[in-house]
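Trainee: Below you will find the structure I want to go over with you.
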Amino acid sequence: MFIREQVVRKRGTDYRYLKVVENHWEGGQSRQEVLVNLGNVAHWPEGKLEDAVALLGCFLKLSFAQLKDVRFTDCRQLGPYLPLTQLWSELGLDKIITNALTDVRIELPVASYVRAMVFNRLVSPGSKKAVWATMEHEALVPGLTSDALPLHGYYRVLGYLSNAKPTIEKQLHARLKHLFNQDVSLVFYDLTSSYFEGGCCEMAKHGYSRDHRPDCVQIQIGLLVDAQGVPIAHEVFEGNIKETTTVVGVLDRLKTTFDVKRCIFVSDDGMASAANLKDVATRGYEYITSLQLGNSILANRLLRLLPKRSDFTQLEDNMWIHVLPKEADARYIASYNVARARAVRPKRHARMRDCIEQLRALGEPPEPGRAQRDPQKTLAKADALLRRKGCEHYFRLALDSEGKLAFRFNTDGMRKARQREGMMILTTNSATLTDEEVARGYRTLWQAENAFRHIKDVVAIRPIRHWKDPRVKGHVFICVLAYTLERLLDIRMKEAGLAITARAALRELRTITVANLQIEGQTLRRRSDITTRQRQILKAAGVDNVPEIW
């Protein structure tokens, strides 16, 4: 059955006939039968044909609407929330969070609030008020309604979440172990800082700033991840705590909370104090760490034992190793990375050139009419300059016979700097790991460092606008949960053979939306079309079917 249009021209006038026609076989031939003849519609006024179709629809009790009667009222973003909802559901986080708060009298739907804030960190990071506005006007998160999440709750639930963190982390680890085979035989620990601007909480203190903001108070965050970079646990510390003092508590949590009987603890040289390594060994764990080359007497003694680079054993393009003598229960392995050496050397040269320029300026006589400089103050200023630039070992400072600043290169210090470029001295107490496994295990520490980069840049942990300690800790937990979902989505994409990161995948899904259409007093919510690439991403994440009508 189809519409047949026939145009007939008579005496210079076009006549347009519309007929509903059906084909059928008769006598072995195809013939057409006219079912409805609408006659000449060329002279019909505009809109009359549409009215006729609408009347026919009413007669048949069908729902027809003219385009002019369809109103577009709202459009919500759906795409990025589909894989996130799938992962959240698989992990059972709603149930985990709710069960962790069974002993707390609270009327707010904490799990729903947490889910909204975690998803927001990955899709469009913003303040708690921005999360509320997004849920109210922009996002369509399956299973969540903005009416049930008033603004004040986004702030209040952070304290409850912080208090329930140990229980949530333990149950989440159990789910990760079951669903994603989370392996904690090799764990990586690192520490970072996050600064505050303006008013802040009691935990915020001045300390060593990894964000290069010594003017701001900060908190410190310790993060424990597995070999795939998936978080196991985290802790929030005061901003002035020393790196080495954070390790013992993390080790105790591994043993008591997560019941880890055997694992290899990997950390950078900031945590490699003798006391920490003893604590690791006392708890029955093995460790892999590196020595601080600049300040360690042991490291400098081991560096003097190194042969020529050509005598190192090559493992990869950018990894050469050399086994050093064992001392007591500790093994030592030198690891050399030529790419790192090539990257570090120009930076050192640039710092030295800057120092030379400023030292020469300090040695120049004052301009006419200006007071003479105090030679000792000039010398102190030059020394402070070199320390600030990290070049104090490359120059020797003195005052000449006229009291002017003089300097020369420290050849021994420069020789040691060249020797340290791209070099690390690794140490382990493991008697079973091969030299190659030690070197590769330490190299994987970048997983923890990468986690911090994503938490700071992608998940956008800053700015931290909370003043109360529990809410600050809750905010950090939200960011860690968001990064957990990101890493799991990364793993899903990789397992499916898709060359795309979780971040890029979520960005690719942003064009999947749901539009609200008002048709004759009724509301229809219809999804936009899904591209082939988007279907691949959704399938890889475990999302098999996305309804067209919502």
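Readers should treat all values here as calculations from the given coordinates under stated rules, not as data from a laboratory. Note that this is a predicted model, so its numbers are computed, not measured. Positions of Cβ are backbone-derived with ideal geometry, glycine not excepted, and every protein chain shown enters the neighbour counts.
Trainee: Two decimals is fine: what is log10 I(q)/I(0) at q = 0.14, 0.21, 0.22 Å⁻¹ for the range 194-294, from a Debye sum with one equal scatterer on every Cα and no solvent?
Mentor: These q points yield log10 I(q)/I(0) values of -0.61, -1.13, -1.19.
Trainee: Is there a quick way to get the dipole size of the range 2-64? I mean about its Cα centre, with the Cβ of Lys and Arg at +1 and of Asp and Glu at -1; what is the value in debye to the nearest 20?
Mentor: My answer is approximately 260 debye.
Trainee: Going by how many other beta carbons lie within 10 Å of each one, how would you line up 127, 273, 290, fewest first?
Mentor: Least crowded to most crowded, the residues run 127, 273, 290.
Trainee: Follow-up question, since we're still on this one. Could you give the size of the charge dipole of the range 237-329 about its Cα centre, using +1 on the Cβ of each K and R and -1 on the Cβ of each D and E, expressed in debye and rounded to the nearest 20?
Mentor: The calculated dipole for the range 237-329 is roughly 260 debye.
Trainee: If you don't mind, another one. Once a ≥ b ≥ c are taken as the square roots of the eigenvalues of the Cα gyration tensor of the range 266-325, is the result rounded (a/c under 1.5), prolate (a/b larger than b/c) or oblate (a/b not larger than b/c)?
Mentor: Taking the square roots of the gyration eigenvalues as a ≥ b ≥ c, the range 266-325 is prolate.
Trainee: Then there's this: If packing is taken as the average count of other Cβ atoms within 10 Å, what order do 522-530, 204-212, 260-268, 77-85 fall into, highest mean first?
Mentor: Averaged packing, sorted descending, gives the order 77-85, 260-268, 204-212, 522-530.
Trainee: Give the average over all directions of the projected area of the C-alpha convex hull of the range 2-64, one decimal, in nm².
Mentor: 6.0 nm²
Trainee: Tell me the volume per residue, in Å³, of the convex hull enclosing the alpha carbons of the range 1-146.
Mentor: Output value, Cα hull per residue: 270 Å³.
Trainee: Related question: Restricting to Cα pairs below 8 Å that are 6+ residues apart, what does the relative contact order work out to for the chain? Please round to a whole percent.
Mentor: Here the relative contact order equals 18 percent.
Trainee: Could I ask something else about it? At 25 °C and 0.890 mPa s, what whole-number value in µm²/s does Stokes-Einstein give for the translational diffusion of the range 136-181, with Rh from the Kirkwood sum over Cα pairs?
Mentor: Details: Rh = 13.2 Å.
Approximately 186 µm²/s, per Stokes-Einstein.
Trainee: Next question. Would you mind checking the radius of gyration and Dmax of the range 340-420 based on alpha-carbon positions, in Å?
Mentor: That works out to 14.3, 49 Å for Rg and Dmax.
Trainee: Once both axes come from the Cα atoms, what is the angle between helix 469-495 and the longest principal axis of the chain, in degrees from 0 to 90, rounded to 10?
Mentor: Between helix and principal axis, roughly 70 degrees.
Trainee: Okay, moving on. Give, rounded to the nearest 20 debye, the magnitude of the charge dipole that the range 340-420 has about its Cα centre when Lys and Arg contribute +1 at Cβ and Asp and Glu contribute -1 at Cβ.
Mentor: It comes to approximately 840 debye.
Trainee: What's the exposure ranking of 122, 55, going from fewest to most Cβ atoms within 10 Å?
Mentor: 55, 122
Trainee: Counting C-alpha atoms alone, how compact is the chain: give Rg to one decimal and Dmax as a whole number, in angstrom.
Mentor: 34.3, 125
Trainee: While we're here: Can you list which of the trypsin sites (Lys or Arg not before Pro) found in the range 1-66 are DSSP loop residues with at most 12 other C-beta atoms within 10 Å?
Mentor: Taking the range 1-66 and a limit of 12 other Cβ atoms within 10 Å, the loop trypsin sites (Lys or Arg not before Pro) found are 11, 61.
Trainee: Here is a further query. Past 28 Å, Cα to Cα, is the threshold; run 128/389; 308/381; 95/539; 165/255; 242/278; 170/278 against it and keep the listed order.
Mentor: 128/389; 308/381
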